[in-house]
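So the structure is just underneath, and the comments pick up after that.
The values are calculated or read from the model by the stated rules, or taken from the named source; none is laboratory data. Not measured: the values here are computed from a predicted model. Don't worry about glycine lacking a Cβ; one is built from the backbone with ideal geometry, like all the others, and counts go over all protein chains shown. Please note that ligands, DNA and RNA were not included when accessible areas were found on the heavy atoms of the full protein model with its side chains. Shrake-Rupley method; radii C 1.70, N 1.55, O 1.52, S 1.80 Å.
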Amino acid sequence: MPSSFTSRLKLERQASGENAGNWGNLVNYVFNRVDASVKGYQSVNVAGSANVTLTSNNSTDNTDDSTTDDQVHNAVLEFTGALGANIHVFTDAVESKYTIFNNTTGSQTLTFSNTGHAANGVAITQGTKTFVYTDGSSMVDIMQ
């Protein structure tokens, strides 16, 4: 049976006898993902007028450098840039919680949503720092 990945953090579950000679590197990737998910911070430039989908990789697609890890698996997300239109920022459609800082400029709206569930997102006011929770389809701003 080949290795598989967990559904939420996309951590690699090693199959018996799999990845000989590379197992230590793969475990380090998993530790980096857990580290980012618990205490990680990522600034994401969302400037412009197009919707943005946060990067989301299986853990083996990452290096041992946390600055190159994907965006969606960080505990804290800061959105920056000048918005040219109302936009959605999409995250994975799985259960999670985030600390969000909408540090964008312009008079447009940024809505944080699960991929495939734009109508169930949460509008995050510019300058706001908040906590959101998702069950994978609906977002809730737990500070409101």
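About its Cα centre, what dipole magnitude does the chain give when the only charges are +1 on Lys and Arg Cβ and -1 on Asp and Glu Cβ, stated in debye to the nearest 20?
Values: 7 positive and 13 negative charges, 57 e Å.
With Lys and Arg at +1 and Asp and Glu at -1, about 280 debye.
Hey, can you find the accessible area per residue of the chain for me, probe 1.4 Å, expressed in square angstrom? Write out the running numbers ahead of the final one.
Numbers: 7530 Å² over 144 residues.
Solvent-accessible surface per residue comes out at 52 Å².
Using 7 Å Cα-to-Cβ label points, what is the Ser43/Ala85 separation (nm, one decimal)?
2.7 nm
State the antiparallel share, in %, of DSSP beta bridges confined to the stretch 14-144, rounding to the nearest 5.
40 percent
Given H placed 1.01 Å from N in the peptide plane, which residues other than close sequence neighbours of Asn86 have an amide H under 5 Å from its amide H?
Those lying under 5 Å, H to H, from Asn86 are Thr109.
Given a 1.4 angstrom probe, I'd like the percentage of the accessible area of the chain that is carbon and sulfur, rounded to a whole number.
Numbers: 3850 of 7530 Å².
Exposed carbon and sulfur together represent 51 percent of the surface.
5 Å is the cut-off here: which amide hydrogens, built 1.01 Å from N in the peptide plane, fall below it relative to Ser3, excluding neighbours closer than 5 in sequence?
Ala15
Short version: ³J(HN,Hα) in whole Hz for each residue of the stretch 114-123, in order, from phi by Karplus 6.51 cos²θ - 1.76 cosθ + 1.60 (θ = phi - 60°), x for Gly and Pro, what are they?
Each residue of the stretch 114-123 in turn: 7, 3, x, 9, 4, 5, 9, x, 10, 6 Hz.
Can you list residues from other chains, or at least 5 along the same chain, whose modelled amide H is less than 5 Å from the amide H of Thr104?
Gly127
Relative to the compact globular guide of 2.2 N^0.38 Å, what is the alpha carbon radius of gyration of the chain, as a ratio?
Numbers: Rg = 16.3 Å, N = 144, 2.2 N^0.38 = 14.5 Å.
This ratio for the chain stands at 1.12.
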